[in-house]
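First up is the structure itself, then whatever we jot down about it.
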Protein chains: 2
Amino acid sequence: LQEEDTNLAAGRFIGVGVGPGDPELLTLKAVRTLASADVVIAPRTEKRGDSIALSIAKPHMNTGVEILELVFPMVYHPGELSDAWEANRSIIEARLKAGQTVVFLTLGDPMFYSTYIYVFELLKNSGYTIETIPGVTAFCAIASHHGVPIVEGDDVLSVVPATIRAEKLERILAVSDRLVLMKVSRNFSDLSQQLQRHGFAENALMVSKCGHPEEMVHEDIMKVKPEDVTYLSTILARKSKTSSAASA
Amino acid sequence: LQEEDTNLAAGRFIGVGVGPGDPELLTLKAVRTLASADVVIAPRTEKRGDSIALSIAKPHMNTGVEILELVFPMVYHPGELSDAWEANRSIIEARLKAGQTVVFLTLGDPMFYSTYIYVFELLKNSGYTIETIPGVTAFCAIASHHGVPIVEGDDVLSVVPATIRAEKLERILAVSDRLVLMKVSRNFSDLSQQLQRHGFAENALMVSKCGHPEEMVHEDIMKVKPEDVTYLSTILARKSKTSSAASA
């Protein structure tokens, strides 16, 4: 019994932000943590494809480490967990109970639009030590890579998933000075016109797969054809001053 | 003449985000870049005090490196540069002309509310190679350190300097789901009441000097006395669902 108590205390769950994709944008803390892992979990929302987060982490992992590529369905309801979520929780808790250090990988930052947030909520009252290590977000990487400031002075920045209703976006565009628009894909034509109406089209940069060999960059979003938007993109934009006066 | 041309090509200016304050949240790329620097600039807005960014960077710098602690006044006008800004530009350009690698340090991320943005704008057409290395922002560090998600699902996040007009803040609070409120200090009593009216007071975390020995954390902002807000703080908050319905 005493040994079980000791193990319970020793089990550690650590969420690690591995940054936006460039392996050199890992933090020293992430590297040290990866080296201490007994188990590394690479979450995915579907079964196919390689995990980018895992390929970034791998060079820093021990040879004996257990690698688990678990599928976490996007939909998460705290009250009624799906079978997949329950199964994943059992897998993680079994390792924690055995006193292992379990690392959960996240692209970008773990507390910023990620699956990790739900896993964290699920485990935070489990009695095990939980730690989270922040990472460089994709929008910060795009800004630095392309020399485009995100926000300066007393400007207000809104970070918006392009999947929200057009009416809600309308109100946000009216009050914001700077914009990070994420998950841009469908309805691009409507979206770009909405941005233009609020003065965000003149100074907008649209990027997908930043830093990858297949990176796509558009400096004039009004010239992008909807059929060219084949992959989730991010737009960094600032309101031009004349339009700001008009809509604010 | 030929030698001068070679030097001009070789001069490099690199903005490096050193992260939020924890020396372990430096990226591998920042570490490698610091090791290659001939000159390291630690900017400051006033003459007194030690540079936190410099103390984070120092262990990774070469022994022969030139360290410049330059004062950059907060106010920056592209058309009419102050004497201090002109003097700093001359200092930097002299080193670039000599073919040196000049690293400019920034706490957090270089493209996110920083002095670096203005220095970058000043030098970007100078003909020298300019590179920027992103970093972990303070608000991401606070979120991970305290186990508070920043933004999830389809929520809209607004990042707001507390120094903006109350009327503008009013409109932003009405349309946002999540909030990062920066530079919180003066008029705290008005501010906390405004947050409460929009349903942001129930789930709010207020932190100053995150990760430092003198860190201050408040989990109930309605109980904070204005006289306790002695240092610039950050508030992470989410709108409670009932209030969201009322104000949206």
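The values are calculated or read from the model by the stated rules, or taken from the named source; none is laboratory data. What you are looking at is a predicted structure, and each value in this text was computed from that prediction instead of being measured. Note that each Cβ is placed from the backbone with ideal geometry, even for glycine, and that neighbours are counted across all protein chains shown. Ligands, DNA and RNA are stripped out before the accessible areas are found, and what is left, the full protein with its side chains, is counted by its heavy atoms. Shrake-Rupley method; radii C 1.70, N 1.55, O 1.52, S 1.80 Å.
Of note:
- Of the residues contained in segment A:1-10, none is found to be modelled with pLDDT of 95 or more and more than 30 Å from B:Pro59 (Cβ to Cβ).
- The lone exception for A:Asn125 - which of (1) in contact with a helix residue (DSSP H, G or I) (Cβ under 8 Å, 6 or more places away or on another chain); (2) among the polar types (S, T, N, Q); (3) assigned to a loop (DSSP other than H, G, I, E, B) it fails: (1)
- Flag: A:Val207 matches the condition of being open to solvent by less than 10 Å² (accessible area, probe 1.4 Å), more than 10 Å from chain B (Cβ to nearest Cβ) and either within 24 Å of B:Phe120 (Cα to Cα) or touching a His at 6+ places or on another chain (Cβ under 8 Å) (or both).
- Candidates B:Val180, B:Val207, B:Val184, B:Val217, filtered to the one that is within 19 Å of B:Gly21 (Cβ to Cβ), in contact with an Asp or Glu (Cβ under 8 Å, 6 or more places away or on another chain), aliphatic (A, V, I, L, M) and touching a residue at least 24 places away in the same chain (Cβ under 8 Å): B:Val207
- Some residue of segment B:75-84 being touching an Asp or Glu at 6+ places or on another chain (Cβ under 8 Å) and either assigned to a helix (DSSP H, G or I) or farther than 21 Å from A:Ala143 by Cβ (or both): no
- Test: residue in segment A:61-74 that is modelled with pLDDT under 90, within 11 Å of chain B (Cβ to nearest Cβ) and surrounded by fewer than 15 Cβ atoms within 10 Å (Cβ to Cβ): yes
- Test: residue in segment A:18-40 that is assigned to a strand (DSSP E or B), closer than 14 Å to B:Leu28 by Cβ and of a type outside the set (A, V, I, L, M): yes
- A:Lys58 meets the conditions (1) open to solvent by less than 50 Å² (accessible area, probe 1.4 Å); (2) out of contact with any Cys (no Cβ under 7 Å at 6 or more places or on another chain) in every case but one. The failed one is (1).
- The condition (being in contact with a helix residue (DSSP H, G or I) (Cβ under 9 Å, 6 or more places away or on another chain), within 30 Å of B:Tyr128 (Cα to Cα) and of a type outside the set (Phe, Trp, Tyr)) is satisfied by just one residue among A:Leu195, A:Leu179, A:Leu191: A:Leu179.
- Across segment A:117-134, the qualifying residues are those that are open to solvent by 50 Å² or more (accessible area, probe 1.4 Å) and modelled with pLDDT under 95, and the one among them that is nearest to the other protein chains (Cβ to nearest Cβ) is A:Lys124.
- Qualifying residue in segment A:180-197 (condition: buried (at least 16 other Cβ atoms within 10 Å of the Cβ) and either facing chain B (nearest Cβ under 8 Å) or farther than 23 Å from A:Tyr231 by Cβ (or both)): no
- Residue check for B:Gly49: over 25 Å from B:Arg32 (Cα atoms) and outside any helix (DSSP H, G or I): yes
- Count of residues meeting criterion [open to solvent by 50 Å² or more (accessible area, probe 1.4 Å) and of a type outside the set (Ser, Thr, Tyr)] in segment A:36-48: 4
- Scope segment B:171-190; condition within 16 Å of A:Arg171 (Cα to Cα) and touching a Pro at 6+ places or on another chain (Cβ under 9 Å); matching residues: B:Arg178
- Segment A:138-172, residues that are open to solvent by less than 20 Å² (accessible area, probe 1.4 Å), within 17 Å of the chain's Cα centre (by Cα) and more than 7 Å from chain B (Cβ to nearest Cβ): A:Phe139, A:Ile142
- Flag if B:Leu96 is open to solvent by less than 40 Å² (accessible area, probe 1.4 Å), in contact (Cβ under 8 Å) with a residue 40 or more places away in the chain and more than 19 Å from A:Pro149 (Cα to Cα): yes
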